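> Sharing a structure here in structure tokens format.
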Amino acid sequence: MTRIMPRHVIGLSAAALLLFGGQAMAEEPISYEQASLLASTCFACHGTDGRKEGNFAPIAGRPYESLNAQLIAFRNDQVPGTTVMNRLAAGYSEAELEAIALYLSGITDRRRD
Amino acid sequence: MDSIKMNRRKLLKLLGAGGALAAAGPLASPAFAARTAGRVVGVGGGFGGATAAKYLKRLQPGLDVTLVEPAREFYTCPFSNLYLGGMRQMEQIVHGYDTLKNRYGIKVVHQYAEDVDGEAHTVRLANGETLPYDKLVLSPGIDIDFEGLEGYDEAAAEKLPHAWKAGDQTRLLRSQLEAMDDGGTFILSAPDNPFRCPPGPYERVSQIAHYFSQHKPRSKILLLDAKDAFSKQGLFMDGWREVYGDMIEWVGLSDDGRVVRVDADSRELESEFGEIHRGDVVNVVPPQKAGAIAHRAGVTNGSGWVPVKPHTFESQQVDDIYVVGDATIAAPMPKSGFCANAQARVTAAAIVAELNGQDPLDPVWTNTCYSVIAPEYGISVAGVYRVIDGEIREVEGSGGVSPRDADAAFRRREAEYAVQWYNAIVQDTWETRGLQKTLT
């Protein structure tokens with residue numbers, strides 16, 4: 001597995017990337033690593049990095065705004081016909097869902113694994 | 001708001017960066033990606049062990065990761081019930097390690113791990129080789145507790161299969177079901193908690209009812225249970241009645257459902273109060289304990305299972321040994337492949353943090369267990385878990401089971417989602433594919 005990192009990416013300290021989310025966790029910064037970990041809870045059903053396509057809605061690389069709105073709607077149980085996403089999204093704060101939406105929206109390479 | 005927007009842009013830039021980072025796997029933290037120090041050995045190539053190995057390499061590609069698993073191919077317990085019901089073939093639930101080896105650079109050693117020396121930090125393999133580690137991940141799954149039920153030893157299991165580890169035992173049970181005459185009685189004995197896959201016995205009788213309804217419609221199913229309540233109970237019982245009429249009879253603990261003795265030759269099960277049940281095919285789901293290597297490593301306690309530190313799943317008893325999956329005491333998280341996969345991702349991150357001198361992240365684990373009652377009838381239970389006041393707890397207001405009053409379209413969608421889930425989690429775990437898009 002070869003990994004080539006452009007210099008400007010290495011230059012950014014991931015730990016320093018803090019997200020200051022919405023109301024729920026206004027004081028709690030969410031680090032890049034924490035955002036990755038939160039997003040990885042999606043992978044068992046949506047595939048690694050959310051890349052699995054099938055009869056679930058694709059989530060990798062979708063625009064942040066729509067992912068975030070959808071997750072918040074699941075959390076508020078406002079999506080008719082939902083089977084399980086309402087039960088799962090209820091376990092996260094709004095700031096955490098925002099972090100998950102950010103992570104997934106940043107998956108630019110949509111190739112299937 | 002300015003700082004939110006700016007940081008959002010930064011994160012997007014980082015994650016997106018020309019596609020290069022994304023192609024390498026954006027989970028890899030730039031801070032750790034280039035580092036090399038650290039030898040991690042994983043024992044057990046199931047949902048927990050394979051996922052841990054993969055995510056360790058994603059997070060820190062320079063790590064030296066070895067996965068020890070005797071079998072060259074792994075049969076999943078999830079969907080093995082669907083093989084019993086005739087809805088899947090065994091070839092569709094088997095997974096190999098080629099991509100983990102070739103794409104991720106994980107060394108896969110097909111040997112049985114015999115012993116662990118926690119002081120010396122070594123694992124001894126059956127071929128005599130010794131593997132040194134800085135961090136050890138054990139994901140040994142369950143062993144059958146052959147001391148736990150009178151009359152049920154390894155020889156008895158060849159006559160009354162448990163089929164609670166997928167593979168030959170599953171094939172044996174299927175062949176017995178195929179050989180049974182129409183009008184026969186199938187008995188399943190379910191154990192007390194804790195055991196692997198809490199909804200498993202109930203999905204299994206559903207699947208066997210599906211098979212009977214198509215091929216042996218006069219047959220009966222008796223489920224003798226050492227408990228008075230079980231996972232998704234209301235949903236299962238509704239589904240059994242709706243789809244299979246009165247084919248399935250469940251007898252709980254209070255109605256003398258607990259089996260205390262087994263006679264493998266006569267296929268008889270004796271209940272606590274002395275009632276004898278004779279079946280034409282008998283499936284004993286016996287008491288269980290953590291897999292053997294966990295006992296050898298000294299990480300189990302008197303319960304036969306492994307107590308772990310909630311944030312990291314490091315053993316409470318031996319430093320630098322992490323245990324994930326069914327072998328652990330992680331209630332209220334169930335012993336499911338889904339949870340093993342979830343625990344492995346959190347533990348991989350914790351190990352990488354520890355090796356790099358950082359604090360572990362705030363863990364969050366999810367679970368979703370689908371049970372397929374019939375080809376177009378699925379139900380689920382879900383949960384989100386965190387460390388709250390030093391203990392693993394389910395997040396209040398999250399999780400729960402499918403609604404009791406859902407319509408047929410909802411049940412059909414959950415059956416489809418079960419397949420989608422299976423295909424996704426095997427990709428996330430072994431980088432393999434499920435074969436079939438639909439169940440029918």
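The values are calculated or read from the model by the stated rules, or taken from the named source; none is laboratory data. Just so it is clear, the structure is predicted and the values come from calculations on it, not from any experiment. Reconstructed Cβ throughout: ideal geometry from the backbone, glycine too, with neighbour counts over all protein chains shown. Ligands, DNA and RNA are excluded from the accessible area calculation, which covers all protein heavy atoms including side chains. Shrake-Rupley method; radii C 1.70, N 1.55, O 1.52, S 1.80 Å.
> Which whole-number percentage describes the relative contact order of chain B, with Cα contacts under 8 Å and a sequence gap of 6 or more?
Numbers: 934 pairs, mean separation 74.3, N = 440.
Computed over chain B, the figure is 17 percent.
> Can you pull out the GluC sites (Glu not before Pro) in the range B:356-440 whose DSSP state is coil and whose Cβ has at most 10 other Cβ atoms within 10 Å?
Here the sparse-neighbourhood loop sites are B:GLU396.
> Still on this structure: Check each of the chymotrypsin sites (Phe, Trp or Tyr not before Pro) in the range B:92-136 and keep only those in coil by DSSP with at most 10 other C-beta atoms within 10 angstrom; list them in order.
Answer by residue number: there is no such site.
> Per residue of B:330-342, what is the mean number of Cβ atoms on other protein chains within 10 angstrom of that residue's Cβ?
Average neighbour count from other chains, rounded to a whole number: 1.
> Once the cut-off is 18 Å, how many percent of the Cα-Cα pairs in the range B:154-288 end up in the long-distance tail? Show your work: numbers first, answer last.
On the way: 4589 of 9045 pairs.
Every Cα pair in the range B:154-288 considered, those over 18 Å come to 51 percent.
> Once you place label points 7 Å from the Cα toward the Cβ at B:GLN233 and B:ARG393, how far apart are they in nm?
For B:GLN233 paired with B:ARG393, the spin-label model returns 2.4 nm.
> Projecting each Cα onto the charge dipole of the range B:329-440 (Lys/Arg +1, Asp/Glu -1 at the beta carbon, about the Cα centre), which of B:ALA374, B:VAL384, B:TRP430 comes out farthest on the positive side?
After comparing all options, I get B:ALA374.
> Rounded to the nearest 0.05, what FRET efficiency is calculated for A:GLU65 and B:SER213 with R0 set to 56 Å and r the Cβ-Cβ distance?
Calculated value: 0.70.
> How many angstrom separate the Cα center of the range A:50-113 from the Cα center of the range B:287-308?
Cα centroid of the range A:50-113 versus Cα centroid of the range B:287-308: 37 Å apart.
> Can you give the average number of partner chain beta-carbon atoms within 10 Å of each beta-carbon in peptide B:54-60, as a whole number?
Across the residues of B:54-60, the mean count of other-chain Cβ atoms within 10 Å is 2.
> Right, something else. Could you size up the charge dipole of the protein assembly as shown around its Cα centre, putting +1 on the beta carbon of Lys and Arg and -1 on that of Asp and Glu, and report it in debye to the nearest 20?
With Lys and Arg at +1 and Asp and Glu at -1, about 2540 debye.
> Let me ask another. Between B:ALA155 and B:ARG261, what is 0.36 nm times their sequence separation minus the Cα-Cα distance? Round to one decimal in nm.
Net length gain for the segment: 36.7 nm.
> Also: Which loop GluC sites (Glu not before Pro) in the range B:83-125, with loop taken from DSSP, have no more than 10 other Cβ atoms within 10 angstrom of their Cβ?
B:GLU119
> Among B:VAL306, B:ASN193, B:ASN102, which residue has its Cα positioned farthest towards the positive end of the charge dipole of chain B, with +1 placed on the Cβ of Lys and Arg, -1 on the Cβ of Asp and Glu, and the dipole taken about the Cα centre?
Result: B:ASN102, furthest along the dipole toward the positive end.
> What does the charge count near B:GLY184 come to, summing +1 for each Lys or Arg and -1 for each Asp or Glu among other residues with Cβ under 10 Å from its Cβ? Please list the in-between numbers first.
Working: positive: B:LYS216, B:ARG218, B:LYS220; negative: B:ASP181, B:ASP182, B:ASP280.
Charge balance near B:GLY184 sits at 0.
> Okay, next question. Counting only protein heavy atoms and using a 1.4 Å probe, what share of the accessible area of the protein assembly as shown belongs to carbon plus sulfur, as a whole percent?
48 percent
> Calculate the mean, over all residues of peptide A:71-84, of how many other protein chain Cβ atoms lie within 10 angstrom of the residue's Cβ.
That works out to 3 on average.
> Highest GNM mean-square fluctuation, chain B, Cα pairs closer than 10 Å: which of B:ARG345, B:ARG411, B:ARG124?
B:ARG124
> Here is a follow-up. With a cut-off of 12 Å, note down the residues of the range B:401-430 whose backbone N falls inside the zone around a label point 7 Å from the Cα of B:THR99 toward its beta carbon.
Label zone hits: B:423-430.
> To continue, here is another question. Using the Kirkwood radius over C-alpha pairs as Rh, can you work out the diffusion coefficient of the protein assembly as shown via Stokes-Einstein at 10 °C, viscosity 1.306 mPa s, in µm² per second?
Numbers: Rh = 24.1 Å.
The diffusion coefficient I find is 66 µm²/s.
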